[in-house]
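Asker: This is the structure I want to talk about, given as structure tokens.
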Amino acid sequence: MLKRLLLTSSLLLLAFPAMAFAEEPAAATLDMGLNTIWIMLSFILVLLMQGGFILLESGSTRMKNAGHVAGKTIFTLGLGTLVYWAFGYGIAYGGDSPLSSLFGWGDFFYNPAIAAGEGDAFPPAVYFLFQLAFVLISLSIAWGGFAERAKLSSYLIFTLFFAVIIYPVIAHWIWGGGWLAEDGAQDYAGSTVVHLTGAIAAFAATVLLKPRIGKFNKDGSANEIPGHNQVYSALSVLLLWVGWFGFNAGSALTIGDGFLGYVAFTTMLGAGAGAVSALLISWAVQGKADITTMLNGTLAGLVAITASCAFVEPWAAVVIGLAAGVLVFYSVKFFEKLKVDDPIYALSVHGMAGIWGTLANGIFATQELAEKVGVGQGGLIDTGSWRQLWVQFESVVVSGAYALVLSFAILYVIKKTVGFRVTEEQEIIGLDMSEHGSYGYPEQMKKSRVFKAGNGIIP
Amino acid sequence: MNDSDWSRLLMRIGSAEDARDLRGMRNEIYALSAACPASGAIDGYYRRLNAAHDAIVRRAVRLAEAETARSGIGSPPVPYAYMLFGSGGRGEQTHASDQDSGLVYEDRPERAEEAETYFAHLSGTVVRMLVEAGYPPCEGNVISRNPAWRRSLGEWKRQLDEWFADPTWEAVRYLLIVADGRCVAGDERLVRELKEYYYGNMPVHPVIVGRMLDNTMRHKVLVGVFGQLLKERYGEDSGSLDVKYGAYIPMVNAVRLLAVQAGLHETSTLRRLERLREAGWLDEDEKSAYEMAFLLFLRLRLMTTERTEDGVRTSNGMVSAAKLTKDTVDELKEALRIGKRLQRVVRKRTLGEPGGPHRGGRT
């Protein structure tokens, strides 16, 4: 017995170098497997951010619309998935087209290989899922401009266009090897592609819809329409914050040398700085530390650091977040002054902060990190060159203009044909009742009270 | 507006026949005030205005006595005093003012029941007449027809004891209200005795001053860390400054707190400042800085948005910043900073050295 044990173990010892040799190809497989798990995990995190949007949008709006706001998010996830699978992905990342610098063409009704091919870093299906989660985020941002007064049908129609010809084209320009990518536009995880695009659609929607009943007085002064649950809003920010690690760090795609950890690190700094500066600025300027502003500042910090998380040093991440928090505070005031009703602050949080974050690359990106990521070059401070800032500026303006023109045109046609806004009566009753026939909070929302409110008896 | 118009009006108020007459007099007060003075004479303006308001209350009390007699209840069984609280007590009523009032009467155990019946009827009649004359009742129910604010002197003292002994938030609020109480009609001696009892209680309950501080300092002066005005952000008053609660009331509260500690019987904020200086609680520079700030707030209070509801003037205490000239805004910012400084000073002195006058110059 003992003899046999000794024999086998010595044989094994002899064989060990050979065994290690034989495992060499398996290392790549292991890498691929780890990447797959990481991308899959990131996809799940980003998908879960929709829970954040449900809480954010319903918490920031009134009780009578809560069921609708929450429900339509899930519905448009479903519809967006189908549309992006059928057409959107092919435009963003499909094969070559005669106009490859403008959009992709191919892979419609996407049917990925069931496993990673030889030498692939990850299987194509998981990449599709990750990209899908991004377009769905952008879509949910756009809904911010629709809130509390758009017809359900307009959500349906707009999803068809947004997930096929608006978002995928911009994604192709910057991430899919399009012309902005060739110029070296830096947008690591989508300050422009995801956040600005969604916010611009929200802007077009809110302008075309006009403000909610009661938001502005005849003399132009604004009224506050407080959301029905600030705890929801705070929870939503936590959910989004956590999910954002899939969003930003997940954009590294591969495990490689562990660079994703650095990306997560700058992301955390940017978010924290946004929370702090927003609370302090509201406190200093208004005399009260405003919770809503602080929550918006946290999100603005995250939005801003999204473009730059892989390109900047820690101190710059803090500066970017601090500036985003202050920016969002003044931006909210600015839109209110323009009499643009932005119920969940999408224009300020995702739009303004998205622009700032993208431009910030042109200022703070370092040459070393730009080379590591392999996109563009260092920014103004590190290199002294204005080149990257110009490229960033160009990508913001062009992407923003494209999203604005198309969103405006599509929504304008919706407005003129099937109608965009619910009737005054429906808006007063609430979309839960008018669009779905039941309340999100049935016990709290007695029909009679709401009808009386319509008559102006109970404000 | 000139003084002879006012004295004529006061005389006519003194001979008004009924509530409708009083209402007419009140409208004449509005008319006379329409020519609002510029800056210098603001305290004199308030003095005249409040003398007229006082005269109306005094006349209402007299008419109510007569009506009570006519209805067979008789004449006052014991001496009494009719008191004003709030801005009326401080002599700082504006055009839009409500009734904060109370009543104190002499103790005579053998006539207690009779007295209660009589004064219940009397105060009910006074309040009704003043409502008809255009003075809405106090929303907090601090009013003479409420038995809680209509007591014999002995009952008042027992009530004060209770409040002092158990300084809950509400009790402290009532004590602060009593501090502004002023006799407007009847036997002033009763109010003086009530006040003396009140101030006699202060040193026995040193904890009360701290509680008063907590209660009164919650209204913040509406100036930000950059010296900017903190205006209303939403609603029909957006862009307006809440002069009442963001400037006037914080200063009233701070000065009252010093006055209570100094045991001053004065109720007007300006008189309190003067007496605080005399008693060595404030030096001349401090006093005149606070006085200047307060005079500005008094002037701005006259500019607050007023509206007439059911023939009754009300004001929300807001002044639209757009209506102010650049110079006034600058003046206001400076005054608010002074108000904020006063709050700090009062906090420090109240917590630091209870009970003693401060002679060390500025803190």
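The values are calculated or read from the model by the stated rules, or taken from the named source; none is laboratory data. None of the values given here were measured: they were computed from a predicted structure. Reconstructed Cβ throughout: ideal geometry from the backbone, glycine too, with neighbour counts over all protein chains shown. Areas reflect the complete protein model, heavy atoms only, side chains present, ligands, DNA and RNA absent. Shrake-Rupley method; radii C 1.70, N 1.55, O 1.52, S 1.80 Å.
Asker: Label points 7 Å out from Cα along the Cβ direction at B:ALA31 and A:GLN426: separation in nm?
Answerer: 5.8
Asker: Quick one: in the range B:1-204, what % of C-alpha pairs are over 23 Å apart? All intermediate terms of the calculation are to be shown ahead of the outcome.
Answerer: Values: 9503 of 20706 pairs.
Tail of the P(r) past 23 Å holds 46 percent of the pairs.
Asker: Here's a follow-up. What value, in deg cm²/dmol to 500, does the helix sum -39500 (n - 2.57) over DSSP H runs of n ≥ 4 give at 222 nm once divided by the residues of chain A?
Answerer: Working: 18 runs with 293 residues, N = 459.
So the calculated ellipticity at 222 nm is -21000 deg cm²/dmol.
Asker: Relative to the first principal axis of the alpha-carbon coordinates of chain A, what is the inclination of helix A:230-248, with its axis defined by its Cα atoms, in degrees from 0 to 90 and to the nearest 10?
Answerer: So the inclination is approximately 30 degrees.
Asker: Where the centre of each part is set by its Cα atoms, how far does the range B:162-202 sit from the range A:103-169, in angstrom?
Answerer: Cα centroid of the range B:162-202 versus Cα centroid of the range A:103-169: 73 Å apart.
Asker: Give me the angle, in degrees from 0 to 90, between the Cα long axis of helix A:152-161 and the longest principal axis of the Cα atoms of chain A, rounded to the nearest 10.
Answerer: Once rounded, the angle reads 40 degrees.
Asker: Given Cα pairs under 8 Å that are at least 6 residues apart, what percent is the relative contact order of the range B:206-363? Could the numbers behind the result be given before it?
Answerer: Values: 200 pairs, mean separation 49.8, N = 158.
Relative contact order of the range B:206-363: 32 percent.
Asker: Something else about it: With just the Cα atoms defining each centre, how far is the range B:46-68 from the range A:233-259? Give it in Å.
Answerer: 73
Asker: Work from the charge dipole of the range B:180-255 (Cβ charges, +1 for Lys and Arg, -1 for Asp and Glu, about the Cα centre) and give the residue of B:GLY210, B:TYR198, B:TYR245 farthest towards its positive end.
Answerer: Result: B:GLY210.
Asker: Can you tell me the alpha carbon radius of gyration of the protein assembly as shown divided by the globular rule-of-thumb value 2.2 N^0.38 Å?
Answerer: Working: Rg = 36.3 Å, N = 822, 2.2 N^0.38 = 28.2 Å.
In units of the globular-protein estimate, the protein assembly as shown measures up at 1.29.
Asker: Report Rg/Rh for chain B, rounded to two decimals, where Rg is the Cα radius of gyration and Rh the Kirkwood radius. The partial results should precede the final answer.
Answerer: Values: Rg = 20.8 Å, Rh = 21.4 Å.
Taking Rh as the inverse mean 1/r over Cα pairs, Rg/Rh reads 0.97.
Asker: Keeping all protein chains in position, work out how much accessible area A:PHE146 exposes to a 1.4 Å probe, and write it in Å² to the nearest 10.
Answerer: Roll a 1.4 Å probe over it and A:PHE146 shows about 0 Å².
Asker: A further question follows. At q = 0.13, 0.14 Å⁻¹, what base-10 log of I(q)/I(0) does the Debye formula yield for the range B:80-184 when every alpha carbon is treated as an equal point scatterer in vacuo?
Answerer: Cα-only, vacuum Debye calculation for the range B:80-184: -0.47, -0.54.
Asker: For the range B:206-363, taking Cα atoms only, what is the radius of gyration to one decimal and the Dmax to the nearest whole Å?
Answerer: Considering the range B:206-363 through its Cα atoms, Rg and Dmax are 16.4, 53 Å.
Asker: How big is the antiparallel share of DSSP beta bridges in the protein assembly as shown, given as a percent to the nearest 5? Kindly include the intermediate steps, with their values, before the conclusion.
Answerer: Values: 19 of 23 bridges.
Just about 85 percent of them are antiparallel.
Asker: How much accessible surface area, in Å² rounded to 10, belongs to the heavy atoms of B:ARG128 with a 1.4 Å probe?
Answerer: Surface accessible to solvent at B:ARG128 totals approximately 100 Å².
Asker: Now for a separate question. What share of the DSSP beta bridges in chain B is antiparallel, in percent to the nearest 5? Intermediate values should be presented prior to the final figure.
Answerer: Details: 17 of 21 bridges.
Looking only at bridges with both residues in chain B, the antiparallel portion is about 80 percent.
Asker: If you don't mind, another one. Using only DSSP helix segments of four residues or longer, with each worth -39500 (n - 2.57), what per-residue ellipticity at 222 nm results for chain B after dividing by its residue count and rounding to 500? Could the numbers behind the result be given before it?
Answerer: Values: 13 runs with 198 residues, N = 363.
Value at 222 nm, helices only: -18000 deg cm²/dmol.
Asker: Return the ratio Rg/(2.2 N^0.38 Å) for the range A:28-421, where Rg is computed over Cα atoms only.
Answerer: Working: Rg = 19.8 Å, N = 394, 2.2 N^0.38 = 21.3 Å.
Against the empirical 2.2 N^0.38 Å value, I get 0.93 for the range A:28-421.
Asker: Here's something else I'd like to know. Applying the Karplus parametrisation 6.51 cos²θ - 1.76 cosθ + 1.60 with θ = phi - 60° to the phi angles of the range A:197-209, what ³J(HN,Hα) value in whole Hz is obtained for each residue in order, glycine and proline being reported as x?
Answerer: Values, residue by residue: 4, x, 5, 5, 5, 4, 5, 4, 5, 6, 5, 6, 6 Hz.
Asker: Still on this structure, please answer the following. So if R0 is 51 Å, what FRET efficiency would B:GLU236 and B:TYR197 give, r being the distance between their Cβ atoms, rounded to the nearest 0.05?
Answerer: 0.65
Asker: Note the angle between two axes, namely the Cα long axis of helix A:2-59 and the longest principal axis of the Cα atoms of chain A, as a number of degrees from 0 to 90, rounded to the nearest 10.
Answerer: 10
Asker: Which entries of A:LYS333/B:LYS323; B:LYS244/B:LYS333; B:LYS220/B:LYS287; A:LYS333/B:LYS348; A:LYS64/A:LYS151; B:LYS323/B:LYS348 have Cα-Cα distances beyond 25 Å here? Let's see the in-between values first.
Answerer: Details: A:LYS333/B:LYS323 22 Å; B:LYS244/B:LYS333 15 Å; B:LYS220/B:LYS287 21 Å; A:LYS333/B:LYS348 37 Å; A:LYS64/A:LYS151 15 Å; B:LYS323/B:LYS348 36 Å.
Beyond 25 Å between Cα atoms: A:LYS333/B:LYS348; B:LYS323/B:LYS348.
Asker: Ignoring everything but the protein chains, give the 1.4 Å probe accessible area of A:ASP183 in square angstrom, nearest 10.
Answerer: Rounded to the nearest 10, that gives 50 Å².
Asker: Here's another thing I want to ask about it. Once you have the alpha carbon radius of gyration of the range B:23-99, what is it after dividing by 2.2 N^0.38 Å, with N set to its residue count? Intermediate results must be reported in sequence, preceding the final value.
Answerer: On the way: Rg = 15.4 Å, N = 77, 2.2 N^0.38 = 11.5 Å.
That works out to 1.34 for the range B:23-99.
Asker: For chain B, which span is the longest to avoid every loop-located (per DSSP) member of GluC sites (Glu not before Pro) having at most 15 other Cβ atoms inside 10 Å?
Answerer: The segment B:237-363 is the longest one with no such site.
Asker: Right, another one. Restricting to Cα pairs below 8 Å that are 6+ residues apart, what does the relative contact order work out to for the range B:1-204? Please round to a whole percent. Can you show the working numbers first?
Answerer: Details: 265 pairs, mean separation 51.2, N = 204.
Relative contact order here is 25 percent.
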